[in-house]
Amino acid sequence: MKKIINLILIVLLGIIIFLGCEKISNLEYNIDSNSCNSCGKCLQVCPVDAIDFGEDGKAVIDQTKCNQCGQCINICPKDAIY
Amino acid sequence: MKKIIVIFILFVILSIGNSEILNWSQISYQAFLTGSSDDIDVVTSASPNANNTINTKLKSGLRWQHEFKRNFNNFNISFDNNLFYSEKSHESRNSFLFNDAKLKLSYFPNTHYFKLQYGNRWFDEDNTRILTIPGTEEITKQKMVHNTELQYKSNGKKLKFSFYGKLRNLDYDYFVFDEENSNDEFARFSEWENDIYTSAKISYEINNLFNIFVSGYYKDDLNESDLFNHRKFGVGLNYFKKYDFFNFLNANFYYYHNDSQRISNEKTHYFLTQMRYTKRIGTSLSGFVSYINRSCYDSKQSKLLRISNMLRIHVKYSYRLDTFLDSYVLTGIKINPENKGSLIFSELNQYFYKNLFGLFSIKYADELFYAFSTGFEYYLSPVKSFWIKNEFTDFKKTPTQNIIFIGSTVLF
């Protein structure tokens with residue numbers, strides 16, 4: 001339990017440090033492959049064909065095509081997009 | 001029709017034999033309702049006369065998913081198919097009739113792994129929306145996607161190597177306004193978009209806890225333009241501590257150099273940090289804490305910039321009320337301030353009586369949506385069930401949607 005609390009504290013500290021940094025000028029969406037269940041719903045809503053399955057069978061966003069519309073983050077049943 | 005016959009023949013061929021076979025099949029009917037009181041245009045053709053105005057009434061759909069796996073000694077063959085059809089509705093989706101099929105062959109002798117995969121995604125023309133491709137601003141309609149993939153991994157004692165290559169061919173039509181035609185018509189042309197994705201990674205195990213790695217990624221838009229090309233090259237450090245079978249800590253730091261016309265110069269020097277701690281207490285309580293940070297160094301401004309942070313905490317409590325299957329309560333939080341993706345969620349899967357389970361879940365994302373679902377699942381056996389589920393989502397910026405699913409899942 002102590003380890004978990006320490007880890008949460010480290011992570012929160014990390015977030016505070018990074019929140020102190022300036023934010024980038026445009027958004028970027030990515031997919032947490034540990035949470036993705038490969039359902040493909042994000043592929044079906046992406047209006048610019050920027051999402052497909054990658055080498056581990058999980059969805060991947062092609063950053064050269066993504067227009068940051070955010071439709072995929074709404075639809076993901078596993079909330080894997082961030 | 002031809003496609004369905006080919007899929008059926010493939011399915012029969014793969015099913016013959018005495019080796020270990022696994023089939024998973026799920027069929028469901030869905031009824032889609034929306035909170036919107038306005039009709040919408042689902043634009044499936046560039047011709048101004050061909051747009052369908054969709055009313056707000058109940059719309060029906062069907063989905064069939066099948067997964068087939070067959071294992072030999074060091075050989076695995078699998079075939080997945082996902083067929084979806086729905087009446088055109090207010091639902092946010094590009095196509096209302098498509099089929100997604102994948103055939104995968106893998107071979108894994110000793111410390112090696114080979115994979116060859118072909119995927120085909122087909123979209124019905126009359127039920128697929130018109131899309132605009134950014135960068136080129138072309139008005140397009142997807143017809144078919146072919147994905148051919150090759151993967152190799154070598155897991156030596158200290159040294160590991162992996163390679164991945166994918167050829168993606170998109171068959172699409174694009175539309176150009178026909179100025180010579182007095183009827184405001186669009187001329188239609190067929191085109192292929194070909195992309196090749198390759199990546200390779202070499203990692204070296206320093207000791208039981210640490211390994212270092214170098215990796216490269218190259219994406220080439222094989223069509224004339226270099227606009228969508230992308231190169232990445234980087235180095236990283238991975239830490240993995242396994243306390244026992246269920247409890248472990250994995251952390252890694254990765255720096256890479258980004259090079260693409262479509263990616264802003266701010267992101268040339270890119271940093272990715274990931275941590276995940278998984279813990280299980282007794283047989284009932286389990287959970288994990290996961291944190292991902294993406295940031296970059298802008299050399300022009302000499303500043304470290306944050307791209308996104310995501311913290312996720314999950315806790316699951318499982319309990320058995322009968323000798324059948326586990327019931328559980330799961331709750332968690334995701335914090336993602338940069339993309340406004342922060343949310344809390346909770347899920348309950350509760351055994352009621354005689355193989356009947358109740359499902360309830362709620363999800364609240366302050367800036368994106370609020371959703372809840374309820375349902376019942378009745379198990380004829382641990383591998384055969386019928387279910388009914390209702391999913392309601394309030395998308396805040398777009399009309400609410402309510403989908404009722406009735407389906408069956410079978411494993412054989």
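Readers should treat all values here as calculations from the given coordinates under stated rules, not as data from a laboratory. The shown structure was predicted, so the numbers you read here are calculated from the model rather than taken from an experiment. Virtual Cβ from ideal backbone geometry, glycine too; neighbours counted across all protein chains shown.
Averaging over every viewing direction, what projected area does the convex hull of the Cα atoms of the range B:356-401 cover, in nm²?
Details: hull surface 14.4 nm².
Projected over every direction and averaged, the Cα hull of the range B:356-401 covers 3.6 nm².
Using θ = phi - 60° and the Karplus form 6.51 cos²θ - 1.76 cosθ + 1.60, what ³J(HN,Hα) does each residue of the range A:67-82 get, whole Hz, x for Gly and Pro?
10, 6, 6, x, 5, 5, 5, 6, 9, 5, x, 9, 6, 7, 9, 9
What residues qualify as long-range amide H neighbours of A:Ser38, i.e. H under 5 Å apart, gap of 5 or more or another chain, H built at 1.01 Å from N?
Placed amide hydrogens put A:Ala59 under 5 Å from A:Ser38.
Please work out, to two decimal places, the log10 of the ratio I(q)/I(0) at q = 0.13, 0.14, 0.17, 0.18 Å⁻¹ from a Debye calculation in which every Cα of the range B:302-412 carries one identical scatterer.
-0.64, -0.72, -0.93, -0.99
Take chain B, connect every pair of alpha-carbon atoms lying under 10 Å apart with a spring to form a Gaussian network, then pick out the residue of B:Asp244, B:Asp298, B:Asp124 with the largest mean-square fluctuation.
In this elastic network of chain B, the residue with the biggest mean-square fluctuation among B:Asp244, B:Asp298, B:Asp124 is B:Asp244.
Jot down the radius of gyration and Dmax of chain B, Cα atoms only, both in angstrom.
Here Rg and the maximum Cα pair distance are 24.7, 75 Å.
How large is log10 of I(q)/I(0) for the range B:37-103 at q = 0.18 Å⁻¹ when the intensity is taken from the Debye formula with one equal scatterer per alpha-carbon?
Results for the range B:37-103 at q = 0.18 Å⁻¹ read -0.77.
Taking neighbour counts of Cβ atoms within 10 Å as a proxy for exposure, in what order, fewest first, do B:Ser408, B:Ser373 appear? All intermediate terms of the calculation are to be shown ahead of the outcome.
Numbers: B:Ser408 15, B:Ser373 18.
Ordered by Cβ neighbours within 10 Å, fewest first: B:Ser408, B:Ser373.
So what J values fall out for the range B:31-41 if you push phi through Karplus, 6.51 cos²θ - 1.76 cosθ + 1.60 with θ = phi - 60°, rounded to Hz, Gly and Pro as x?
Running phi through 6.51 cos²θ - 1.76 cosθ + 1.60 with θ = phi - 60° gives 10, 9, 10, 10, x, 6, 9, 9, 6, 10, 9 Hz.
Counting partner chain Cβ atoms within 10 Å of every residue's Cβ in A:29-36, what's the average?
Mean partner-chain Cβ count within 10 Å for A:29-36: 4.
Per 5 Å bin, what percent of the C-alpha pairs of the range B:162-217 does each bin hold, from zero upward?
For the range B:162-217, the binned pair fractions read 4, 14, 12, 10, 9, 9, 8, 7, 7, 6, 5, 4, 3, 2, 1 percent.
Return the average number of partner chain Cβ atoms within 10 angstrom of each residue Cβ along peptide A:63-73.
Working: counts 8, 13, 9, 3, 4, 2, 1, 5, 3, 0, 8.
Mean shielding count: 5.
Put a dot 7 Å past each Cα toward the Cβ at B:Ile212 and B:Ser47; how far apart are the dots in nm?
6.4
For the range B:197-350, compute Rg over Rh where Rg is the Cα radius of gyration and Rh is the Kirkwood radius from the inverse mean 1/r over Cα pairs. Don't jump to the answer; show the numbers that get you there.
Values: Rg = 20.2 Å, Rh = 18.6 Å.
A ratio of 1.09.
Is there a simple number for the mean count of other chain Cβ atoms within 10 Å of the Cβ of residues in B:334-345, and what is it?
Values: counts 5, 4, 5, 4, 8, 9, 3, 8, 2, 2, 0, 2.
Average neighbour count from other chains, rounded to a whole number: 4.
For the range B:187-271, what value does the Rg/Rh ratio take when both radii are computed over Cα atoms and Rh is the Kirkwood radius, given to two decimals? Let's see the in-between values first.
Numbers: Rg = 18.3 Å, Rh = 15.5 Å.
Reported Rg/Rh, Kirkwood definition of Rh: 1.18.
Stretch B:Arg280-B:Lys157 to full length: gain in nm at 0.36 nm per residue minus the Cα-Cα span? Don't skip to the answer; put the middle values down first.
Working: separation 123, 0.36 × 123 = 44.28 nm, distance 2.88 nm.
Between B:Arg280 and B:Lys157, full extension yields 41.4 nm more.
What residue among B:Lys267, B:Lys363, B:Lys397 shows peak mean-square fluctuation when chain B is described by a Gaussian network model with Cα springs under 10 Å?
Residue with maximal mean-square fluctuation among B:Lys267, B:Lys363, B:Lys397: B:Lys397.
How far apart, in nanometres, would the label points at B:Arg63 and B:Asp226 be if each is projected 7 angstrom from Cα along the Cα-to-Cβ direction?
Placing both labels 7 Å along Cα→Cβ, they lie 4.2 nm apart.
Starting at the first residue of the range B:222-229, write each ³J(HN,Hα) from the Karplus equation 6.51 cos²θ - 1.76 cosθ + 1.60 with θ = phi - 60°, in whole Hz, x for Gly and Pro.
Couplings: 5, 6, 4, 6, 8, 3, 9, 6 Hz.
Near the amide H of B:Phe369, under 5 Å away, which other amide H atoms are found, from residues 5 or more places off or on another chain, if H is placed in the peptide plane?
none
Please state, rounded to one decimal and in Å, the Kirkwood hydrodynamic radius that the range B:117-232 gives when every pair of distinct Cα atoms enters the mean of 1/r. Each step should come with its number before you reach the end.
On the way: mean 1/r = 0.0577 Å⁻¹.
Averaging 1/r across every pair of different Cα atoms and inverting gives 17.3 Å.
Given the Cα-Cα distance of B:Leu304 and B:Lys242 and 0.36 nm per residue of separation, how much length would full extension add, in nm?
Details: separation 62, 0.36 × 62 = 22.32 nm, distance 3.26 nm.
Residue separation times 0.36 nm, minus the Cα-Cα distance, leaves 19.1 nm.
I need the P(r) histogram for the protein assembly as shown: all alpha carbon pairs, bin width 20 Å from 0 out to the longest distance, whole percents.
The percentages, shortest bin first, are 19, 56, 24, 1.
What do the square roots of 5 times the Cα gyration tensor eigenvalues come to for the range B:104-151, in whole Å, largest first, as semi-axes of the equivalent ellipsoid? Before the final figure, lay out each step's value.
Values: eigenvalues 247, 37, 5 Å².
Result for the range B:104-151: semi-axes of 35, 14, 5 Å.
Taking the alpha-carbon distance from B:Lys241 and a cut-off under 19 Å, which lysines remain once sequence neighbours fewer than 8 residues away in the same chain are dropped?
By straight Cα distance, B:Lys241 reaches A:Lys2, A:Lys3, B:Lys157, B:Lys158, B:Lys160, B:Lys279.
If each residue's Cβ is checked for other Cβ atoms within 10 Å, how do B:Tyr319, B:Tyr378, B:Tyr291, B:Tyr172 rank with the fewest at the top?
Numbers: B:Tyr319 12, B:Tyr378 15, B:Tyr291 23, B:Tyr172 20.
Least crowded to most crowded, the residues run B:Tyr319, B:Tyr378, B:Tyr172, B:Tyr291.
Please arrange A:Cys72, A:Cys21 by counting, for each residue, the other beta carbons lying within 10 Å of its beta carbon, fewest first. Let's see the in-between values first.
Values: A:Cys72 23, A:Cys21 15.
Going from least to most buried by this count: A:Cys21, A:Cys72.
Which parts of the range B:341-361 would a label at A:Gln68 reach, counting a residue when its backbone N lies under 17 Å from a point 7 Å out along Cα-to-Cβ?
Counting backbone N atoms under 17 Å from the label point, the list is B:341-342.
Counting only C-alpha contacts under 8 Å and six or more residues apart, can you give the relative contact order of the range B:230-304 as a whole percent? All intermediate terms of the calculation are to be shown ahead of the outcome.
Details: 149 pairs, mean separation 19.5, N = 75.
Relative contact order, the range B:230-304: 26 percent.
Binning at 10 angstrom from zero up to the longest distance, how are the C-alpha pair distances of the range B:51-171 distributed in percent?
With a bin width of 10 Å, the distribution comes to 11, 30, 27, 19, 11, 2, 0.
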